[in-house]
Each structure stands twice: as structure tokens, then as C-alpha cells.
Amino acid sequence: MEARNYFKSLRKEINQAANLGYRFETVYIGGGTPTILPDELIRTIDLAKELFPIREVSCETNPNHLTSPVIELLKGRVQRLSVGVQSFNNRLLAQMERCEKFGSAEEIQERIRSFAPEFICLNVDMIFNFPNQTEEILREDILRVIDSGAQQVTYYPLMTSPTVARSLASSVGLVDYRRERRFFEIVHEEMEKEFTASAAWTFQRNGVGMIDEYIVNTREYVGLGSGAFSYLDGTLYVNTFSLSEYKKLISTDEMSVTKVQKYSRYAQMRYNLMMDLFGLEMAEDGFPSEFGISRKRGLWLEMFFLNMVGAFEKDTCQLTPLGQYLSVVIMREFFSGVNHLRDTARSSISPEGIA
């Protein structure tokens, strides 16, 4: 089975990373549905824990994999399980063809409620600003996700690449960004009645929350597996999206990186700013030590703009509600660009060879 062969190659690449001297304390397992083969997944997690001082594992899953056999294997190995729900509205789920694959909103909510206590953090991924989502639907979604018992909620704005935008337009309609800010405000108003915002779109219940795909405690990371990204010393490394090429490279003891992009010092400073804005922390301390210049001098135009539009509270670096929304817009556009890059890479590969 192709998926089992992929896991074997992935474990070999993990060994390669260890031999190169990399050391990891946190692991994020995503990029599709890693729980499709739970036995292969736990072998991979166990190997990573043997090779590295891992203290925290975060893993994505789909709602239909919230079953007792899968959860029994994951609990104790995975500290943060992230479930891709998107919406608890059955009409929206049906339009996205998710009901048949993953179950009804009621079934999903009950699975989350049953299995949330098994993990330090069960995160629910939700999305706002779907084309056919109304304010009423959004508020109902928020009530249901709060009632689900999840310890963390990540409420993403709808992020699309051109390919996804065309698909949405043909199935559920065009995305209307004019109402996005209002939906963002509703999310914060309602979520913060029970949760605390730990990032622009992440909310924690009772202080319980862990790493996710978009905000981590360290800015540098190594991505292993087909289609993964690494960011080290201001350089982006992109692993091949071709499964056949990935398998071939790993089998010959090569790493799977096929594209490398070195970013300028200015681009690195802007990336630093974006992540600080998104993480709701604008402390000046780390910036001079990393770049040898203050943020106000190195990014004077960006900081001037943010101050002029009222992104910060007066005489502080605390973000205003507008500043928080602007950080979401910046991140949304950034990751829409990343999704476009992925679409472009995949378009040149035959369907059977895409990661």
C-alpha cells in the first residue's frame, strides 16, 4: 500500500535528520490525514521520541477518525489532537461534501465531547466567512464549539488559493471579504466569553493550549515528509511534492529538499513582524539581538503605517481590535500565497504521485 511505503520513507528521513544533528522538542504532524493508518503513525511517533527529546506532539485528524481504537493508540503519545471540523452547520457541511465523509454536525460534536478528556489539548479547527455563512450560522457554530468541551479552538478566516477559490465559486459561491472583519469581531466577542485569545485566531479554555500549524514558540523549524517546508537561518527549504521522487531521494540517503529560497534581511524582519503581530506579542527585546537594529528603524514604514491606522493602543505595543484583525489579514494573505505555491507544485505532478 502506497501510504505504508510513505510512512517507511518518512521514518528513514527522521533518522537522517537525527544523523545530521537536528534535535526537536516539539513535533507537529499534519499535511493531510496522518491518522489514516494509526499503526504506522504511532511507529513514527515512537521513533521520533527515541531519537529526540520530544516533550510535545501535536497531530491533525479528521472527525471520522475520532473512534475508540484510534484514540486508544494516540492518547499518551499525542498531547494535542487537532480536529478539522470547519463548521457545525449541516447545510454548509453538505455543500462542502463533508457530511457523507465525516458525519453530521451532531455526530462530530458528540465525538469531540467524548474524546476531549483523553488529551491535554483537543483543538477544533473552525472557519469563518464561508460564502453562504450568515452571522446567525456563525454564532450557532461558536455556541456549539464552546459546548463541545474542546480545550482549544482555532478559528481561521477562509484562506483560498486561486484553485480553491474557483472550486468554492462553482459549489457554494464567491468569497465576500467585505464582511470578514465583522465576522472576525463576532468570533472574538463570543469566543472570549468562555476562552482567552492566545493568538489572533486561537483561543484557549482555562489556559490550556499548545502549538499549532501557524504559531510556534520558535521561528525556525524543520519539515520532514513530502511537501513539507523548513525555515532555517532566513532560508526556506521545500521538499518535493512528488511521492515517487520523495521515495527515490530517501532511498538513496538524500534529504527530500528540491527547492531553496534565501530571504533578504529585510524580508526576514517583515516575517518576524508578521509572527509577532499574529502572536499578539510585540516585545521589542528580541528584534535588536536578532537583526542588530530596532524594529522601529528597520521597519520604519511598516511601523509608521500600523501606528497611523491605529493598530496599537496609545503609547504601547498592545494590539487594538483593529490591529488584531490586520494581523489576521496579513496571515491570511501569506498562507494563501503558500497554498498557491503548493497548488503550482502539485499541478506538474501526475495525480497518483501527488503528496
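Points to keep in mind about this one:
- Label point distance in nm, residue 16-residue 220, each placed 7 Å from Cα along Cα→Cβ: 2.0 nm
- Estimated dipole of segment 21-130 in Debye, rounded to 20 [Cβ of Lys and Arg +1, of Asp and Glu -1, Cα centre]: 200 debye
- Spacing of the two label points (7 Å from each Cα toward its C-beta) at residue 271 and residue 334, in nm: 0.9 nm
- The chain: DSSP helices with Cα axial extent of at least 24 Å and average Kyte-Doolittle hydropathy no lower than -1.0: 321-347
- Positive-end residue of 287, 308, 275, charge dipole of segment 265-330 with Cβ unit charges: 308
- Relative contact order for segment 23-204, counting Cα pairs under 8 Å that sit 6 or more residues apart, in percent: 18 percent
- Modelled this way, with points 7 Å down the Cα-to-C-beta line, the labels at residue 5 and residue 248 are 1.3 nm from one another.
- The calculated FRET efficiency for residue 113 paired with residue 193, based on their beta-carbon distance and R0 = 25 Å, is about 0.85.
- Of the residues 27, 124, 222, the one that moves most in a GNM of the chain with alpha-carbon contacts below 10 Å is 222.
- Across the chain, Cα pairs under 8 Å and at least six residues apart give a relative contact order of 13 percent.
- For 22, 246, 266, 155, the sequence from fewest to most other C-beta atoms within 10 Å is 266, 22, 246, 155.
- Relative frequency of Cα-Cα separations exceeding 37 Å in the chain, percent: 19 percent
- Distance between segment 1-45 and segment 264-304 - C-alpha centres, whole angstrom: 34 Å
- If you wrap the tightest convex hull around every Cα atom of segment 23-204 and split its volume per residue, you get 125 Å³.
- Size check on segment 1-92: the Cα extents along the three principal axes, sorted descending, read 50, 30, 23 Å.
- Where the Cα pairs of segment 265-330 fall when distances are cut into 5 Å bins, in %: 3, 18, 32, 28, 15, 4, 0
Bear in mind that the values in this text are calculations on the coordinates, not laboratory data. For clarity, every value in this text was computed on a predicted model and none was experimentally measured. Note that each Cβ is placed from the backbone with ideal geometry, even for glycine, and that neighbours are counted across all protein chains shown.
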